[in-house]
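The values are calculated or read from the model by the stated rules, or taken from the named source; none is laboratory data. Computed from a prediction, not measured in an experiment: that's the story for all the values here. In this analysis, Cβ positions are derived from the backbone assuming ideal geometry, glycine residues included, and neighbour counts consider all displayed protein chains. Calculation scope for accessible area: heavy atoms of the full protein, side chains included, ligands and nucleic acids excluded. Shrake-Rupley method; radii C 1.70, N 1.55, O 1.52, S 1.80 Å.
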Amino acid sequence: MNDNQYGSMKLKILNVVGARPNFMKVAALMDAYKKYHEIEAKIVHTGQHYDQKMSDTFFKELGIPQPDVYLGVGSGNHGEQTGKIMIGFERVLLAERPDLVVVVGDVNSTIACGLVAVKQGVKLAHVEAGLRSYDRGMPEEVNRILTDQISDYLFLSEKEAEKNLHKEGISLENVFFVGNVMIDTLYKHLPHAQKSNILEQLAVKQKQYVLLTLHRPGNVDNIETFTNIISAMEVLEKTMPIIFPVHPRTKMRMENFGLMDQVNGMTNLKLTEPLGYIEFLRLMQDACLVLTDSGGIQEETTALKTPCLTLRENTERPSTVTFGSNQIVGVDRDRIIAEGQKVLAGKSKVSGAPELWDGKAADRVAEILLEQGLKNRRQG
Ligand code: UD1
């Protein structure tokens, strides 16, 4: 192996994390890199999510090494947040001079750091590439399209995603179908999660509760949609208790929209703070039904074979519906009630696992990155 232009023998990879759903993905990658002494991996945390319950807890529980760099950008409007991340990350790149930047998922930190990397001439890898909801009203959709357009290496969690990239004129030469790195983390931590006493703490029993999460701006920033969902819960809670860990955005909206009294008046709906990874994993596994607007939870419930109803009109993760336990039900009150009641009555769809969701996706990513990184050095 030759010395690289910056004098380091190892392939230096900067891994970007920013928001909660990034942590489980980078946890798997960091584990995989450890198997290769030729790789030096560092973590840059943008600080998009900063609350202890939205960030620190995940580092501890998932055993992710502490970030080498913390940008501390915090919350803000999209332009402000993205801009701050770009300014901070450019300084880091200039100081660190890595061979590769790895971004995951579809949050603002993903596109912000990706854009800085390519402008600095650093190779960019996108893990979880090619997913499309075809709804540009979602900020994440814009982040996905743009990140994929500028990435040098694109790693797919599901096969279908290849078609989306092809349609957008992206050469498939550097597109790799590797499976789902987030599911690697799920399998690793499942035995630990099974020992969690969160069910006892919340006084619910296995398969006798519903788990609800909401945080998408399309749902919680719109008073009518949010109210519809809550009023569907008012009916479902009569059949089974509902556990609702509340995202900070959602909490803020419930307060702004004056929904707190209604929610607090629902005796079978239990609000909690955002939960840690291990407790939440146990809750997903043992729920009778999960109701969510999250992308990651659609995938995690598929891996766990727990019935999931997605409260959105589309999904960028179609394999969770084709193979998995997920159904897209939208946000109409009556439809949520009808589909929810069916599952609570035991009528859920038969589900299987998507291809390559086998716990080894991050190993494939690491191997390919090393191979490609070394190839670049030889050519450079
Ligand atoms: C972000 C991602 C979304 C992802 C979600 C997971 C973008 C565009 N969106 O959405 O794709 O599904 O994370 O949670 O990147 N807040 C806190 N503490 C925190 C973080 C946020 O109080 O640690 C509050 C702030 O009031 C903030 C709001 O939550 O304004 C929203 O946070 P933000 O990071 O802008 O977006 P999310 O809705 O979390």
Margin query: Can you give me the distance in nm between label points at residue 187 and residue 60, each placed 7 Å from the Cα along the Cα-to-Cβ direction?
Written below: 2.8
Note to self: Using a 10 angstrom Cβ neighbour count of at most 13 plus a DSSP loop assignment to flag exposed chymotrypsin sites (Phe, Trp or Tyr not before Pro), which longest range of the chain is free of such sites?
What the structure shows: 135-380
Check: How many angstrom separate the Cα center of region 152-209 from the Cα center of region 85-118?
Finding: 23
Notebook entry, point to check: Highest GNM mean-square fluctuation, the chain, Cα pairs closer than 10 Å: which of 55, 157, 75?
Noted result: 75
Check: From the backbone phi of region 322-328, what are the Karplus-calculated ³J(HN,Hα) couplings (6.51 cos²θ - 1.76 cosθ + 1.60, θ = phi - 60°) in whole Hz, Gly and Pro given as x?
Finding: 5, 9, x, 9, 8, 10, 8
Item checked: Cα centroid separation - region 7-45 against region 283-337, whole Å -> 30
Next item on the list: Please compute the net charge surrounding residue 58, taking Lys and Arg as +1 and Asp and Glu as -1 over other residues with Cβ under 13 Å from its Cβ.
Entry: 0
Note to self: Loop only by DSSP, 16 or fewer other Cβ within 10 Å of the Cβ. Give me the GluC sites (Glu not before Pro) in region 293-363 that pass, ordered by residue number.
What the structure shows: 313, 355
Checklist line | Greater than 19 Å apart at Cα, pairs in 12/123; 159/349; 238/305; 10/123; 10/375 | finding: 159/349; 238/305
Item checked: Nearest-0.05 FRET efficiency for residue 70 and residue 223, computed from C-beta distance (R0 25 Å) -> 0.10
Checklist line | Mean separation of Cα contacts under 8 Å (6+ apart) over length of the chain, as relative contact order % | finding: 16
Next item on the list: Filter the trypsin sites (Lys or Arg not before Pro) in region 314-380 to those in DSSP coil with at most 10 other Cβ atoms within 10 Å of their Cβ, and list the result.
Entry: 347
Next item on the list: Please give the contour-minus-distance gain from residue 10 to residue 252: 0.36 nm per residue of separation, less the Cα-Cα distance, rounded to one decimal in nm.
Entry: 82.6 nm
Next item on the list: For region 189-344, state what percent of all Cα-Cα pairs lands in each successive 5 Å bin, counting from 0 Å until the bin that includes the largest distance.
Entry: 2, 9, 21, 23, 23, 15, 6, 1, 0
Next item on the list: For region 161-269, state which trypsin sites (Lys or Arg not before Pro) are in a DSSP loop and have at most 13 other beta carbons lying within 10 Å of their beta carbon.
Entry: 195, 205, 207, 238
Check: Among the listed pairs 84/270; 60/84; 84/188, which are separated by more than 28 Å between their Cα atoms?
Finding: 84/270; 84/188
Margin query: Could you compute the net charge surrounding residue 356? Neighbours are other residues with a C-beta less than 9 Å from the C-beta of residue 356; K and R count +1, D and E count -1.
Written below: 0
Check: Among residues other than residue 330 whose Cβ falls under 11 Å from its Cβ, what is the net charge (Lys/Arg +1, Asp/Glu -1)?
Finding: -2
Check: How do 374, 156 rank by accessible surface area computed with a 1.4 Å probe, from largest to smallest?
Finding: 374, 156
Check: What translational D, rounded to a whole number of µm²/s, comes out for the chain from Stokes-Einstein when the hydrodynamic radius is the Kirkwood one over Cα pairs, at 4 °C and 1.567 mPa s?
Finding: 61
